[in-house]
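Since the structure comes first, as structure tokens, the remarks are kept for the end.
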Amino acid sequence: IPIWTSSHQTMPPVASADSFQSSFDEDARPAPKADIALLNKLVHKKLEEVGEVQIKLPNQQQDPTSPLYSVKSFEDLRLKESLVKALYKMGFQQPSKIQEAALPILLVEPPQNLIAQSQSGTGKTAAFVLTMLSRVKAEDKFAQCICLAPTYELALQIGKVVEEMSQFMPDVKLRYAIRGEMVERGQKVQEQIIIGTPGKMLDWLIKYRCIDATKIKCFVLDEADVMISQQGHQDQSVRIHNEIERANPNCQCLLFSATYDDQVVAFAETIIPNPMLITLRPEEQALNNIKQFYVLCSGRDDKYEAMLNLYGGLTIGSAIIFCYTRKSAAWLTERLQQRGHAVTLLTGELPIEERALIIQQFKDGQHKVLITTNVCARGIDVSQVSIVINYDPPITVDKQPDFETYLHRIGRTGRFGKAGIAINFCDSDFAFSIIKAIADHFGKPIEQLDTADTEQLE
Ligand code: ADP
């Protein structure tokens, strides 16, 4: 395959790798995982379902084709009436894909341990909240379910779901074990469900003994991948789990994660050895139906001109433009706005709630063009983007080509069989070498584009 179709292999020396270094700012790094997880929670107000469910059974377990392993309706689950009522009020008509597979296992007697992995917005939280609420006895006034979340904000998000789903269960109460919350010495927690962060939960469980571990029948660890990215949280989670398991070997242990790389697998297996595993594999987002281009420019001004040309020659549907730094993103936004183009700036200095709002409005079509940075490359999950523009090439902090980020950026386009377009601006030898490395890495051609002649794109 002709990977590289350029005739000129060199570039006017304008910006060097060093100038990338000097202009480095906060936004050049991807946002912390906990921020992305929260952002996703705030943006995904509806189910986001693509992919195929796979179930892996623990060794020596029965037939996966058994009807136990899938339900098509909430009625099939024989849920408490108060729960069914809440689900309908919340507008849940049928289980999501991951719920179809997970709920029968989550709710079966005797309780089963389970690891479930699927991307954000696919219904994991709803699944384990439903499980906790199915398992609690409202008449027992002590802690029965524990849920761990990586941050204060994420714990609150889970709590909101508990509140909503238990709206017809007036005797079921929720307690947060998060910063600012206290228990009196010698007092036991009376709420049935406790949601908290690992440090506080560990205090309550082991230091203050205000939770009786022998009575915990359901232990949920949410956002496992975020948990291990945070100093100390992994160890604390393991200690909490060990304490509960020692006190009540029959406690149901559940672990949820958006990703499932080797590190998460290793961690998950310390919590649930030989697990039942349910994963929802997103469709392979290969670069196959994405046309990739590069644009050669002789420097910053030329690059800006090329951008304007592109604007002139294209009816830009919805597009995302990625810049390396907050500063350059702001600069580009301002200049395009001055020319009367409706572009919206999204950078990491905005509070997460505001970022979520902008992304939501972009999804709703209120903003057509977003100008953003790496901070958002992994947070934005918008499938209907028609063009992705890398105004600056994706590089890691040590100035290497960042293949993963490239795929994340480009993966926003060309979903569901639609053709997507990715355009990479190269304004230096350095930028050019990065794009070349990316083309080589993925083994897909990146063709040269002349922005004065955008017919190639049609
Ligand atoms: P995750 O935990 O995987 O990010 P959530 O459980 O938060 O996913 O679900 C994402 C969104 O979809 C939430 O707004 C939730 O209310 C909604 N949702 C979850 N399950 C269903 C369902 N079965 N039917 C309709 N909406 C659902």
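In this structure the amide hydrogen of SER298, modeled in the peptide plane, comes within under 5 Å of the amide hydrogens of LYS303, none closer than 5 places in sequence on its chain.
Determine Rg/Rh for the chain; Rg is computed over alpha-carbon atoms and Rh is the Kirkwood hydrodynamic estimate from the same atoms.
Numbers: Rg = 24.7 Å, Rh = 24.0 Å.
Rg divided by Rh gives 1.03.
Placing +1 at every Lys and Arg Cβ and -1 at every Asp and Glu Cβ, with all other atoms neutral, what dipole size does the chain have around its Cα centre, in debye to the nearest 20?
Values: 48 positive and 57 negative charges, 281 e Å.
Computed about the Cα centre, the dipole is about 1340 debye.
Given the rule -39500 (n - 2.57) for each run of at least 4 DSSP H residues, summed and divided by the residues of the chain, what is its mean residue ellipticity at 222 nm, to the nearest 500 deg cm²/dmol?
Details: 15 runs with 159 residues, N = 458.
That comes out to -10500 deg cm²/dmol.
Taking amide H positions as modeled 1.01 Å from N, with prolines and chain starts lacking one, the residues under 5 Å from LEU345 and 5 or more places away or on another chain are ILE371. Within the chain, antiparallel bridges make up roughly 10 percent of the DSSP beta bridges whose residues both belong there. The mean sequence distance of close C-alpha pairs (under 8 Å, at least 6 residues apart), as a share of the length of the range 179-293, puts its relative contact order at 24 percent.
May I ask you to derive the relative contact order of the range 62-176, considering only C-alpha pairs under 8 Å and at least 6 residues apart, and to give it as an integer percent? Walk me through the intermediate numbers first.
Details: 108 pairs, mean separation 33.2, N = 115.
In percent, rounded to a whole number, it is 29.
With respect to the chain, whose longest principal axis is taken over its alpha-carbon atoms, helix 326-338 is tilted by about 60°.
Can you give the net charge of the other residues whose Cβ lies under 14 Å from the Cβ of VAL238, counting K and R as +1 and D and E as -1? Walk me through the numbers on the way to the answer.
Working: positive: ARG239, ARG246; negative: ASP235, GLU243, GLU245, GLU269.
With Lys, Arg at +1 and Asp, Glu at -1, the net is -2.
In percent, what relative contact order does the chain have, based on Cα pairs under 8 Å that are 6 or more apart in sequence? All intermediate terms of the calculation are to be shown ahead of the outcome.
Numbers: 878 pairs, mean separation 103.0, N = 458.
Taking the mean separation of contacting Cα pairs over the length of the chain, I get 22 percent.
Taking amide hydrogens as placed 1.01 Å from N in the peptide plane, the amide H of ASN424 sits under 5 Å from those of PHE293, TYR294, VAL295, ASN390, each at least 5 positions away in sequence or on another chain. Protection proxy ranking, highest mean first, for peptides 326-338, 390-402, 173-185: 390-402, 326-338, 173-185, where packing is the per-residue count of other beta-carbon atoms within 10 Å, averaged.
Whole-Hz Karplus values for the range 359-365 come out as 5, 4, 5, 5, 4, 7, x Hz, taken residue by residue from phi with 6.51 cos²θ - 1.76 cosθ + 1.60 and θ = phi - 60°; glycine and proline positions read x. Residues in the range 215-230 carry Karplus couplings, in order, of 9, 7, 10, 9, 10, 10, 10, 9, 6, 4, 5, 6, 3, 6, 7, 10 Hz; the curve used is 6.51 cos²θ - 1.76 cosθ + 1.60 with θ = phi - 60°, and Gly or Pro positions show x.
No value in this document is a laboratory result; all are computed from the given coordinates. Everything numeric here is computed off the predicted structure, so don't read it as measured data. Positions of Cβ are backbone-derived with ideal geometry, glycine not excepted, and every protein chain shown enters the neighbour counts.
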